[in-house]
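The values are calculated or read from the model by the stated rules, or taken from the named source; none is laboratory data. Fair warning: this is a prediction, and the values are worked out from it, not measured in the lab. Ideal geometry is used to build each Cβ from the backbone, glycine not excepted, and the neighbour counts take in all protein chains shown. Remember, those area values only see protein heavy atoms, side chains included, never the ligands or the DNA or RNA. Shrake-Rupley method; radii C 1.70, N 1.55, O 1.52, S 1.80 Å.
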Amino acid sequence: MRSRQRMFAAVMRLLLKCLRLGRRRRFRLVRQVEQLWHYGHLCLRSLLYNSFTNGDVVLDSLFEPVYWLVDHVTRWFGVVFVALVIGLTSSIVAIVYICLLPLILQTYTPAWICWHLTYGHWNLIMIVFHYYMAITTSPGHPPQAKNDLTGVSICRKCIAPKPARTHHCSICNSCVPLTTEAAWLNNCVGHYNHRYFFSFCLFMTMGCIYCSISGWEMFRDAYAAIERMKLLEKERLQVAANQTYYQTPPPTFSFRQRAFHKSVVYLWVLCSSVALALGALTLWHAALITRGETSIERHINRKERQRLQKKGKVSIAPSTGAGWRGARCDVPLPVMQVFRNPYSYGSWDNWKVFLGVDVPRHWLTRVLLPSPHLPHGTGLSWDLPPCVTEQRAPLLAI
């Protein structure tokens, strides 16, 4: 009896020892996992530690893959847009030569024929020349080495010298002087191809307006003819379904007639749409050129003007200090400073600098005819051009 009790006690003690050993091993494993977790967390924080890290930095880091995807997809969009512009322009030119030109030569007077041939071909040459130069000319890039230019800062994205009026382009991943946006060029618009870009927009708008006005009567006739085609097609189907021996089907239009009328409608609708959209863009850039700034600089100047107005350093309109007469009072106003764009030379001189007009004959040779002349300056330094008649005003002028 006692031997059985001793054996049972020995088995129980052995079982308790096994349970304690398993519990110790389990606790030791959990402790090791916790130590590894804390060690990895400490290593990660030490590698990624930055005293300037905040929620905005973390959010930008999370969106970096999205930015990368957008930048790379946008590059392919440029190729697609260039092919689309070339294809649509070529289709309009083909319709004009195949469908409209024979009709013009048969129905118009010699004077109108000379006008259409001269203006149409001149406009087409200007469009092709400026578009080719806009997509093939480099916009210009600042030097990567240190230089002695004033007002040079460091770009935070490409870590390179960033002169005045230079902005970073995320598509080509470099800084470009006088940057503006044009996805359908597959090229940045900068100092060296800004004139080509604006001239293409201007002449393309003029060409679309010319086609819309000249083809208005043809468009009305073609649209009415297409409507007649639809009605006659319905009548022909009805006659074919209920035809008797004394009924004859209505006449049918040939494939050439259908193609001609639909091509005229396509030409007028496309040219009118492009004239409205591209005309608005051209007017916007014309206003920017008149003020001597780009779209990015307009945003920066507006923010700076609002900031200085809140501080009371500049006035909204120029003040001469002569006083304000109204409501039976004559109170002299204090002379306040006025915010002005330091790169503006006046409306007329801004256009002369932009187009490169130094002498009067340049209006013909450089504006009305294709000209590959370079713009004033290098895009890095902004000295006074020789065609400017007045000195430019400082940033804060009285």
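What number of residues within region 289-302 satisfy the criterion of being open to solvent by 60 Å² or more (accessible area, probe 1.4 Å) and either at pLDDT 90 or above or not in a helix (DSSP H, G or I) (or both)? Steps first, please.
Of all residues in region 289-302, those open to solvent by 60 Å² or more (accessible area, probe 1.4 Å) come to 291, 298-300, 302.
Next, from what is left, pick out any that are either at pLDDT 90 or above or not in a helix (DSSP H, G or I) (or both): none.
Residues in region 289-302 being open to solvent by 60 Å² or more (accessible area, probe 1.4 Å) and either at pLDDT 90 or above or not in a helix (DSSP H, G or I) (or both): 0 in total.
Quick one: is Thr252 touching a helix residue (DSSP H, G or I) at 6+ places or on another chain (Cβ under 7 Å) and at pLDDT 90 or above?
Details: touching a helix residue (DSSP H, G or I) at 6+ places or on another chain (Cβ under 7 Å): yes; at pLDDT 90 or above: no.
Judged against the criteria, Thr252 is not a match.
Kindly indicate which of Ala259, Ala286, Ala225, Ala275 is within 41 Å of the chain's Cα centre (by Cα), at pLDDT below 90, among the aliphatic types (A, V, I, L, M) and open to solvent by less than 30 Å² (accessible area, probe 1.4 Å). Working first, answer last.
On the way: Ala259 fails: open to solvent by less than 30 Å² (accessible area, probe 1.4 Å); Ala286 fails: at pLDDT below 90; Ala275 fails: at pLDDT below 90.
That would be Ala225, the only listed residue that is within 41 Å of the chain's Cα centre (by Cα), at pLDDT below 90, among the aliphatic types (A, V, I, L, M) and open to solvent by less than 30 Å² (accessible area, probe 1.4 Å).
Can you report the number of residues in region 202-213 which are farther than 14 Å from Leu270 by Cβ and modelled with pLDDT under 95? Lay out the reasoning, then the answer.
Within region 202-213, the subset farther than 14 Å from Leu270 by Cβ is 202-203, 206, 213.
Then keep just the ones that are modelled with pLDDT under 95; that gives 213.
Here the count works out to 1.
Search region 112-131 for residues that are free of Cβ contacts under 8 Å to residues at least 40 places away in the same chain and farther than 24 Å from Val85 by Cβ and pair each with any residue that is open to solvent by 20 Å² or more (accessible area, probe 1.4 Å) and among the β-branched types (Val, Ile, Thr) when their beta-carbon atoms are under 8 Å apart and the residues are at least 6 apart or on different chains.
Trp112/Ile104; Ile113/Ile104
Look at Val70 and say whether it is surrounded by 12 or more Cβ atoms within 10 Å (Cβ to Cβ) and at pLDDT below 90.
Here the answer is yes, as Val70 does meet what is asked.
Report every pair of residues separated by at least 6 positions or lying on different chains whose Cβ atoms are under 6 Å apart, first residue within region 81-98 and within 12 Å of Leu267 (Cα to Cα), second of a type in the set (Ser, Thr, Tyr) and in a helix (DSSP H, G or I).
So the pair list comes out as Ile95/Ser263.
Quick check: is even one residue across region 349-358 modelled with pLDDT of 75 or more, open to solvent by 80 Å² or more (accessible area, probe 1.4 Å) and assigned to a helix (DSSP H, G or I)? First the steps, then the outcome.
Taking region 349-358 and keeping what is modelled with pLDDT of 75 or more, we get 349-358.
Of the ones still in play, those that are also open to solvent by 80 Å² or more (accessible area, probe 1.4 Å) are none.
No - not one qualifying residue is present in region 349-358.
Do we find a residue being modelled with pLDDT under 85, surrounded by 14 or more Cβ atoms within 10 Å (Cβ to Cβ) and under 25 Å from Ala134 (Cα atoms) anywhere in region 303-325?
So far as region 303-325 goes, no, none of its residues is modelled with pLDDT under 85, surrounded by 14 or more Cβ atoms within 10 Å (Cβ to Cβ) and under 25 Å from Ala134 (Cα atoms).
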